[in-house]
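See structure below.
The values are calculated or read from the model by the stated rules, or taken from the named source; none is laboratory data. All figures in this text were calculated on a predicted structure; none of them were measured in a lab. Neighbour counts are summed over all protein chains in view; Cβ atoms, including those assigned to glycine, are modelled from backbone coordinates with ideal geometry.
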């Protein structure tokens, strides 16, 4: 189901994106497209990431170094958030006695 | 070289214990201030004896090599890592990270972690120890199998709850395989002032013998007769919302695709793939006609195939 977009398609779809800019982000490995026989293939996630990169770079005047660091932090945060979501969903579906134990334990550490 | 005790002795890091001793003694012999009045010699001697003091003890030497102490034997100041503070409870810079406003998990989150004031850590939770215990109820998770048509059109079904009783569930039109339906407040009862949990139904959509679905589009293979294919026809084609008239073009063939716009789910299309079906029996009339026909109208649909 998942399709890949070509460089040209990506540049057409993300407004502020230019070819040199896209190439720079790829070279710096801030965006990592998959390798296909027809050149780099960009996923939906890459498109969204490129949009965010353009927004961050333009709105906050971020140079590439800063951009790379900010993206790394955003990636870490979102990964942690995804893990956290799964964990909370699992905890919320546990029976009362288990949840009470977890609840007390967490409050003991974080409260 | 300042800061490098090995260099002060004219050595490198790989020097053995004996070499260190020997190097020190050599400098002491020539540069001892009591023997050599040259101020430069005094400097060399001071540096060498400081270096020797540090390196003659194997444990101190190891610690210097590992960067734990500096060339004067002082403990290096510990580097501070913000993470140690940032992860700790009560970090004054702690921030929300997206669950407070989450429609599904905000209650679960505040139940476990308390509420954080915007932009910083709030009071957290003070009450503990069994008295005044509040906790949100358990979330229930169920698997719900829905038939193809109910999923496509929407509808109602009933599920039975673990604590007895049953519950009417509204299936939204176009629900997808694997989608979760949330029934707010239909989970287990809360404790204290905690609200009830939610019920989550993970939907699996059963396949249909004729319809196939991709997102909001519906796919159907429609059998047509030989004469309909040859002459064209108007036939009734089933859709998820009932039969719809479909025009078969003259000369239609198997595999040809026709699109019924907007006849899928929630604005999607239905794609009809035609399939010519022979009559149950080829009778004399048909056979006789075909025999005559092929003499003057033969054609080769396999031309160009590599056999």
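Considering each residue of the range A:72-79 in turn, none proves to be modelled with pLDDT under 90 and either surrounded by 13 or more Cβ atoms within 10 Å (Cβ to Cβ) or within 14 Å of another protein chain (Cβ to nearest Cβ) (or both). Residue B:141 meets all of the listed conditions (1) within 12 Å of another protein chain (Cβ to nearest Cβ); (2) assigned to a loop (DSSP other than H, G, I, E, B); (3) modelled with pLDDT of 85 or more but one, namely (2). Here the condition is being at pLDDT 95 or above and part of a loop (DSSP other than H, G, I, E, B); of B:259, B:250, it holds for B:250 alone.
Here are some residues: B:178, B:188, B:174. Which one is at pLDDT 90 or above, under 25 Å from residue A:87 (Cα atoms) and assigned to a loop (DSSP other than H, G, I, E, B)? Only one candidate passes the filter, namely B:178. Is one or more of the residues making up the range B:5-18 part of a helix (DSSP H, G or I), in contact (Cβ under 8 Å) with a residue 60 or more places away in the chain, over 30 Å from residue A:110 (Cα atoms) and in contact with a helix residue (DSSP H, G or I) (Cβ under 7 Å, 6 or more places away or on another chain)? So far as the range B:5-18 goes, yes, one or more of its residues are part of a helix (DSSP H, G or I), in contact (Cβ under 8 Å) with a residue 60 or more places away in the chain, over 30 Å from residue A:110 (Cα atoms) and in contact with a helix residue (DSSP H, G or I) (Cβ under 7 Å, 6 or more places away or on another chain).
When residue B:162 is tested against the conditions (1) more than 14 Å from chain A (Cβ to nearest Cβ); (2) in a loop (DSSP other than H, G, I, E, B); (3) exposed (fewer than 15 other Cβ atoms within 10 Å of the Cβ), the lone failure is (1). Tallying residues that are surrounded by 14 or more Cβ atoms within 10 Å (Cβ to Cβ), under 27 Å from the mean Cα position of the chain (by Cα) and over 30 Å from residue B:111 (Cβ atoms) within the range B:182-211 yields 1. Applying the condition of being loosely packed, with under 11 Cβ neighbours inside 10 Å and either at the interface with chain B (Cβ under 7 Å from one of its Cβ atoms) or touching a helix residue (DSSP H, G or I) at 6+ places or on another chain (Cβ under 8 Å) (or both) to the range A:90-110 and asking which residue is farthest from residue B:192 (Cα to Cα) yields A:109.
Selection within the range B:27-45: residues that are touching a residue at least 12 places away in the same chain (Cβ under 8 Å) and part of a helix (DSSP H, G or I). The member of this set that is surrounded by the fewest Cβ atoms within 10 Å (Cβ to Cβ) is B:28.
Residues in the range B:88-103 that are within 26 Å of the chain's Cα centre (by Cα) and surrounded by 10 or more Cβ atoms within 10 Å (Cβ to Cβ): 8 in all. Is there a residue being within 11 Å of chain B (Cβ to nearest Cβ), surrounded by 11 or more Cβ atoms within 10 Å (Cβ to Cβ) and under 18 Å from the mean Cα position of the chain (by Cα) anywhere in the range A:13-36? Within the range A:13-36, none of the residues are within 11 Å of chain B (Cβ to nearest Cβ), surrounded by 11 or more Cβ atoms within 10 Å (Cβ to Cβ) and under 18 Å from the mean Cα position of the chain (by Cα).
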